[in-house]
């Protein structure tokens, strides 16, 4: 009993911080419909500033607190709303999710660049002087000042918010804006001000949570805050993403359960060591799966928006189609020459890397571009492919090429197995469940011996085909290019084929696709398995490329988010989009940032800026530019040949159809 | 008389409200049946139960001798139940022709991914022929290559009808096909439904507020009010019934 009470008393403060995050998160979701993963970045920003001012510069605690939580945090919230999310008001949930992931990457990168705290080794400090000072609760249970501050602030914030919603006109207006910002405007309320206010408020919550929880960590590192936000999301999911009291309760419950597990599970067993940190992810996954009354925010005025434009390549003429293909063949040929003939071995390896990432990114093309859903665990599938290749080569002596295919199969099977329970979900909920899976994979599954837990990790050999040894970087490059072409072929065929047609139809209407006799479940599982398989194949190749698999730097969940946003920013519909994203991912740091002497953080900053452009061109910036240039070229062709318009050209999907009518 | 569709005492409750209260209904092969009732009577709920979108609490539904409990929406479609929707459910972003092509592919079950990869995806001649025939039949030729988002509500309803017919159904469930249509469009629909029913032998269950349309097409009519079947019989019987006139026709007929 004593241990039980002790666990509860230890768990409540952590739970309080989770609750604070959950409440802020729900506030943003309720008032702007944005599923704001950038919350982690916002929490980090305040924690980092507080750390800089108080711990490094040794300013007084209260000034640091005011500046970081009550000045910086609302400011960040306002900027996010004003610059980005206001323009995405009528965009899809997924578009907003992607942009918020972009901000999750951008904000910490900018803060670290400005504050220059990346290399400082000091322990974060709480908001009260002498925060570790213990008090004895009931004379026997130690509680520190930091812990007390965590509980008090969480409860205060929740009460404040409840009062705001319940007793003020502002709260009522906020609730109306949730339903439909445009409808509210028709009723004569300036919804943009309401939304801006709620962003500032929720951002303050994030900042406060960040500053409060920082003393629990050894350093101020953005990944901790990302995990904190996932815990907050799990708590918010318990509240169905809309109920503030239930989110609050969920936060406390999560905190207490985590400590109870630590207390009562056998010490030092694999389960005990890994389950406890993974608890929020497990809870999130289960809540998403089993919770029935899922909130969906849908705008009653949504149908007044024009439909999104079709892909630029869908309505170009035959001449232009062959023209672009020819152009790209030349560009790719030149790049291959650049990689193989004109360069040194280092350049070849760089290009090899780009080719492998292009394969991995095509998994995004399949799932997001064709199926229209978002998966945040593509990096886990790639890791499965890499580890499977390694394990099969190491344990069973399977040739690595075979191993890579087996790895792709295993990844596809895991994808299918994951899709089965998730097939009823879509949109945000699917994204959440996959995020939970990615984090679960990282904190639990990777550590098993039969995945990536062996120390030291066996090396992945390069393939050997007859007399061709792929130890040679140039031959390995060619092998990867062949794999890329194969995957691209499959992706294009599936996109233009019946499966692609079905998936496009399903994006149009889920109900109707079933009513014409297509199994939605099978369609989703197929798309997810194909996507996972492609990621797995790419992962296997990446393993061979680097010979030692480094999970955390190549396959972590954060990296997966980065990949997704990168591809989505460029273009998810086309194979070129994936290739260009890969080229950007690998070559940009090497050929642009290095010569300019800019640090790696700038990659993230440019990337975040890219996410902002996404706010204006949700079809992808490349797709937008492509459409513009294509239209102008097409006009020129038309003018020369004296034709009036090309808009009646048959689409690429069914090239023969237009000519028969 | 053999029956195609047989619903027996179907009951559906939504959080305390009984949307359907032991409703029974049957449709014979090739028959044209009307289903009428005021708004909120449970007509669409019944349709959703028949096509599998909604699970009902008790009762049973069988189609063509198959018990439909536990049969998923898409499987019912394959058995031969097609439907249109009161709130239109079109595949936004696709052309009319693509709507029909995708439906034809779904019907012929040629959606396996490996076929896409191995054989490519050009529309085959026979597919295009079937699509064109249906486009002609419903006068959709002029809109064939337009995005459905660009169509008027009335044309959209006809696309839904075309899509439902493309599955070559035995039973067509039509949920207010004439709402949003102008008079001449309605006449075309009436004429086509007549043909579909007589010449192709497709049984039709029609939910419709346009009483004249029901009267001119249906041979039998069921009437729902507050989730209960208040009348059934031949068209003449039902429209002559005093209860029906009170509940639905407002005493005028």
Is it possible to state the helix-based mean residue ellipticity at 222 nm for the protein assembly as shown, with each DSSP H run of 4+ residues giving -39500 (n - 2.57), the sum divided by total residues, to the nearest 500 deg cm²/dmol? What is it?
-19000 deg cm²/dmol
Rg/Rh ratio calculated on Cα atoms of segment A:15-230 (Kirkwood radius):
1.00
Measure nothing fancy, just the Cα-based angle from helix A:39-50's long axis to the longest principal axis of chain A, in degrees from 0 to 90, nearest 10.
50
Order of B:215, B:157, A:424 from fewest to most other C-beta atoms within 10 Å?
A:424, B:215, B:157
Over all directions, how big on average is the projection of the convex hull of the alpha-carbon atoms in segment A:519-561, in square nanometres?
3.4
Proxy reagent accessibility, fewest Cβ within 10 Å first, across A:511, A:504
A:511, A:504
At q = 0.11, 0.15, 0.22 Å⁻¹, what is the log10 ratio I(q)/I(0) for segment B:114-253, with the Debye formula run over Cα points and no solvent?
-0.52, -0.84, -1.39
Using packing as a proxy for protection, rank A:477-484, B:31-38, A:155-162 so that the peptide with the highest average count of other Cβ atoms within 10 Å comes first.
B:31-38, A:477-484, A:155-162
The residues B:189, A:66, sorted from fewest to most surrounding Cβ atoms within 10 Å, come out as A:66, B:189
Ratio for segment B:178-251, C-alpha Rg to 2.2 N^0.38 Å, reads 1.17
Could you list, bin by bin from short to long, the percent of Cα-Cα pairs of segment A:392-438 in 5 Å steps?
6, 19, 20, 16, 11, 12, 10, 6, 1
Counting other chain Cβ atoms within 10 Å of each Cβ in B:126-138 and taking the mean gives 1
What is the angle, in °, between the Cα long axis of helix A:378-396 and the longest principal axis of the Cα atoms in chain A? Nearest 10 is fine, range 0 to 90.
80
Which shape class applies to the protein assembly as shown: rounded if a/c is under 1.5, otherwise prolate when a/b exceeds b/c and oblate if not, where a ≥ b ≥ c are the square roots of the Cα gyration tensor eigenvalues?
oblate
Using only Cα atoms, find the angle between the long axis of helix A:498-508 and the longest principal axis of chain A, and express it within 0 to 90 degrees, rounded to the nearest 10.
40
Kindly provide the pair-distance distribution of segment B:30-135 built from C-alpha pairs, with 10 Å bins from 0 and whole-percent values in order of increasing distance.
11, 33, 33, 18, 4, 0
How long are the semi-axes of the equivalent ellipsoid of chain B, defined as square roots of 5 times the Cα gyration tensor eigenvalues? Whole Å, largest first.
32, 22, 16
If you take each beta carbon of peptide B:114-120 and count the beta carbons of other chains within 10 angstrom, what is the mean?
5
quick note, the protein assembly as shown, DSSP beta bridge pairs, % antiparallel (nearest 5) is 65
Based on the alpha-carbon gyration tensor of segment A:1-114 and its eigenvalue square roots a ≥ b ≥ c, which shape applies: rounded if a/c is under 1.5, prolate if not and a/b is larger than b/c, or oblate?
oblate
Quick one: Kirkwood hydrodynamic radius for segment A:357-563, alpha-carbon pairs, angstrom, one decimal?
17.2
If packing is taken as the mean number of other Cβ atoms within 10 Å per residue, what is the order of A:542-551, A:219-228, A:379-388, B:138-147, highest first?
A:379-388, A:219-228, A:542-551, B:138-147
Ranked from highest to lowest mean number of other Cβ atoms within 10 Å per residue, what is the order of the peptides A:329-335, B:100-106?
B:100-106, A:329-335
Inter-chain shielding of B:94-101 (mean C-beta neighbours from other protein chains, 10 Å cut-off)
5
In percent, what relative contact order does segment A:357-563 have, based on Cα pairs under 8 Å that are 6 or more apart in sequence?
47
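Any read-out appearing in this document is the output of simple, stated calculations on the displayed coordinates, not a laboratory observation. Fair warning: this is a prediction, and the values are worked out from it, not measured in the lab. Cβ sites come from the backbone with ideal geometry, for glycine too, and all protein chains shown count toward neighbours.
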